[in-house]
Amino acid sequence: SSGINAEYGGDGKGFELALNTAQTGRTFEDRSHAFEVLPRTSAMEGKTIYNLNVRGKRGNIVQTFPATEYDFVPDSLAVTTDDLVHVQWTGSNTHDNNNDGDDGEGEGGTDRSNLMQMSAISESYPATIKEADFWEGVQSLTDSDASGKDIAIGLASAGYYCSESGTDNCPEKESLEGRRNKIDDKMNNAPASYFGHVLKFTKAGSMNYLCTRNNNFSNRSQKGSIWVKAGNKLEVKTRSEETETSEA
């Protein structure tokens, strides 16, 4: 059938739906996904947890259509020191764009992301781990033994290095100091997916950040910003209130 009738009056009359009943049982492309929801720890109870991850796929804006290029989501996030943020992402080593093109850095057909602090959102150059001061006010609720520097190293390497020298949840052999093979400069040997950390903030601050790999000249830059306010309430001002404040 090229369509079915949707009866609305009880008298057999109705509208036709553009639905081919010969096709409804077929699967043309399986896009099903599975994910696991983990229980909160006691330290997470009663807290708002924001999910900071990555969307999109490899390629430029034309090649990825109708999807999108890589992007942090949300790319602008405001939280308080009473909130938590789970930084995590998933990726693939076997995707394709149906021969539409595969622009980007690193090995074709692979997703990679990382997160590194930078000075300003207008820049495209990361700060070194030593210079990345935002992490001084951050703790991990999924690896309580990790320092701010450990967290920064994990996010910068997509978990290839799980810390500087090892923690309770990070074997020394998988740390920056313990790995025999160093990470590839285009992250080809790093994981496509990363569990990351559930972060708690101990002080107010802000950070602009970027992904170093997905910054090809033909692609959208993958950047984001986070603002942390002390306390448990965010104050959102209207544009008129901001104007009055600036004029005063």
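Any read-out appearing in this document is the output of simple, stated calculations on the displayed coordinates, not a laboratory observation. Since the model is a prediction, treat every value here as computed from it, not as a measurement. Here the Cβ is made from the backbone with ideal geometry for all residues, glycine too, and neighbour counts use every protein chain on show.
Would you mind computing the Rg to Rh ratio of segment 118-183 from its alpha-carbon coordinates, Kirkwood style for Rh?
Over the Cα atoms of segment 118-183, Rg/Rh equals 1.00.
Name the residues of segment 172-211 whose amide N is less than 15 Å from a point 7 angstrom out from the Cα of ASN93 along the C-beta direction?
Only 184, 187-194 pass the distance filter.
Could you tell me which residue out of PHE72, SER32, THR21 lies farthest along the dipole of the chain toward its positive end? Charges go on the beta carbon: Lys and Arg +1, Asp and Glu -1, centred on the Cα centre.
Going by the Cα projections, it comes out as SER32.
From zero outward in steps of 10 Å, how is the percent of C-alpha pairs of the chain spread across the bins?
7, 24, 28, 19, 11, 8, 3, 0
Dipole size in debye (nearest 20) for segment 182-228 around its Cα centre, Lys and Arg Cβ +1, Asp and Glu Cβ -1?
The calculation lands at about 120 debye.
Could you calculate the contour length gain from PHE15 to GLU136, that is, 0.36 nm times the residue separation minus the distance between their Cα atoms, to one decimal place in nm?
This chain segment gains 37.3 nm when fully extended.
Take peptides 197-205, 39-47 and line them up by average Cβ neighbours within 10 Å, highest first, as a rough protection proxy.
Packing order, densest peptide first, comes out as 197-205, 39-47.
Can I get the semi-axes of segment 102-248's equivalent ellipsoid? Compute them from the C-alpha gyration tensor as square roots of 5 times the eigenvalues, in angstrom, largest first.
The three semi-axes for segment 102-248 are 31, 22, 12 Å.
By residue number, which cysteines of the chain lack any other Cys whose Cβ falls under 4.7 Å from their Cβ?
Cys with no partner Cβ under 4.7 Å: CYS211.
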